[in-house]
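Here, each number is a calculation from the coordinates, and none is a lab measurement. Predicted model only: the values in this text are computed from it and were never measured. Here the Cβ is made from the backbone with ideal geometry for all residues, glycine too, and neighbour counts use every protein chain on show.
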Amino acid sequence: MAEQRLTFFQKRPTECPVCGAKHYREELLSGGGRLIAASLTDELRRAYEPSKKYGDVHPLIYAVAVCPVCLFAAWPADFPHLPGDSLHQAEVHADERRDSLALILPELDFSAPRGLREGMASYFLAVACYPFFDRRANPTFKAGLAALRAAWLLNDLHQREPGEGWDELASSFHRSARDHYLLTLEREQKGQEALEKSLQLGPDLDKNYGYDGVIYLAGYLDWKYGDASDPASRVKSLEFAKRMIAKVFGMGRASKAKPSIILDKAHDVYAAIGAEIDRLKAGGAL
């Protein structure tokens, strides 16, 4: 009986624009019961049921291209197109990437089949590498998306290995995602970094929730991971998050571009934020 494969390595090598090393990207095979879609989380992440043939499958772990030598990382479409004036900067920071990753996950091999650790590390490295790109590549948004997905995979690691501190690191990446998503909207509104219409905004691989998804997640992440140390400042932050969430449902009618599931989630989060604002105000925050 033929072996049931989950992934394959591309036949054509990918050359790193930073160090010139060549590697073969691993990709997930489609079909064959590999992915069994389940529920959608409040962060718009698609859950998957374990497959009888393949067990737990994590499609996110293959989405970022990583040079196994210098650890330069980016989405495959961006990987070969690092601006020339950033090549030297990306090269001189290679040791910094290795050292910072080794503090969390030492001895990873990006030329071998990936697991959760390599997948999480690929997003960790993407967060570090997207500042080398110019605004045409939407580096602020992509660093935020990478941080969000890193948090997701860290929580997956926490489920497998509780007590290892993965949940604390996940919270750190959630906060980074929150900062990047808010900055994405700020820069987009100022015309500093326009979000291209063709850009896959995710946040997961199964569906592109577009600009509505970005607005929703900016508000959601600010609610969940914003600074709550000062109640008065927290109320102002939550009121801003609430206004952002309200933009998602607008007139409240579902369509192909705005499916009912994001409208329903936006309504639920809007109500939850409002309840927290009321609680803080009742406690004397304002």
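When only alpha carbons are used to place a centre, segment 11-85 and segment 127-189 end up 16 Å from one another. Helical content of the chain, expressed as a calculated mean residue ellipticity at 222 nm, amounts to -16000 deg cm²/dmol (DSSP H runs of 4 or more residues, -39,500 (n - 2.57) each, divided by residue number, nearest 500). Counting only residues at least eight positions apart within a chain, or on another chain, the lysines with an alpha carbon under 30 Å from that of LYS142 are LYS11, LYS22, LYS190, LYS197, LYS207, LYS224, LYS236, LYS242, LYS247, LYS256, LYS258, LYS265. In order along segment 231-244, phi translates into HN-Hα couplings of x, 5, 5, 5, 4, 4, 5, 5, 5, 5, 4, 5, 5, 5 Hz, rounded to whole numbers, per the Karplus curve 6.51 cos²θ - 1.76 cosθ + 1.60 with θ = phi - 60° and x for Gly and Pro. All alpha carbon pair distances within segment 219-286 were sorted into 10 Å bins beginning at 0; the resulting P(r) in whole percents reads 22, 48, 22, 8, 0. Subtracting the Cα-Cα distance of ALA246 and ALA94 from their residue separation scaled by 0.36 nm leaves 50.5 nm. Scalar couplings 3J(HN,Hα) for segment 7-13, obtained by applying the Karplus form with A = 6.51, B = -1.76, C = 1.60 to θ = phi - 60°, are 9, 9, 9, 4, 6, 8, x Hz; x denotes Gly and Pro.
Each label was represented as a point 7 Å from its Cα along the Cα-to-Cβ direction; for SER198 and TYR24 these points are 3.0 nm apart. Taking the Cα atoms of segment 36-176, the ratio Rg/Rh between the radius of gyration and the Kirkwood radius comes to 0.97. Recomputing Rg and Dmax of the Cα atoms in Å from the coordinates shown identifies the correct label among (i) 18.5, 62; (ii) 19.9, 69; (iii) 21.9, 90 as (ii). Taking GluC sites (Glu not before Pro) as exposed when DSSP calls them loop and at most 13 other C-beta atoms lie within 10 angstrom, the chain has its longest site-free stretch at 4-106.
For the chain, a crude dipole built from +1 on the beta carbon of Lys and Arg and -1 on the beta carbon of Asp and Glu, taken about the Cα centre, is about 1020 debye to the nearest 20.
When you filter the chymotrypsin sites (Phe, Trp or Tyr not before Pro) in segment 72-149 for DSSP loop state and at most 14 other Cβ atoms inside 10 Å of their Cβ, nothing is left. Couplings 3J(HN,Hα) for segment 87-102, derived from phi with the Karplus relation 6.51 cos²θ - 1.76 cosθ + 1.60 (θ = phi - 60°), are 4, 5, 4, 5, 5, 6, 8, 4, 5, 5, 5, 4, 5, 5, 5, 5 Hz, where x marks Gly and Pro. A run of the chain free of exposed loop cleavage sites, with trypsin sites (Lys or Arg not before Pro) counted only in DSSP states other than H, G, I, E and B and at most 14 other beta carbons within 10 Å, reaches its longest extent at 54-189.
Over the chain, Cα pairs under 8 Å with separation of 6+ residues give a relative contact order of 12 percent. The H on the amide N of ALA21, modeled in the peptide plane, is under 5 Å from the matching H of CYS16, each at least 5 residues off or on a different chain. Put in order of Cβ neighbour count within 10 Å, fewest first, the listed residues LEU153, LEU6 become LEU6, LEU153. Other residues with beta-carbon under 15 Å from the beta-carbon of GLU239 carry, at +1 per Lys or Arg and -1 per Asp or Glu, a net charge of +2. The chymotrypsin sites (Phe, Trp or Tyr not before Pro) found in segment 1-43 that occupy coil by DSSP, while having at most 14 further C-beta atoms within 10 Å, are TYR24.
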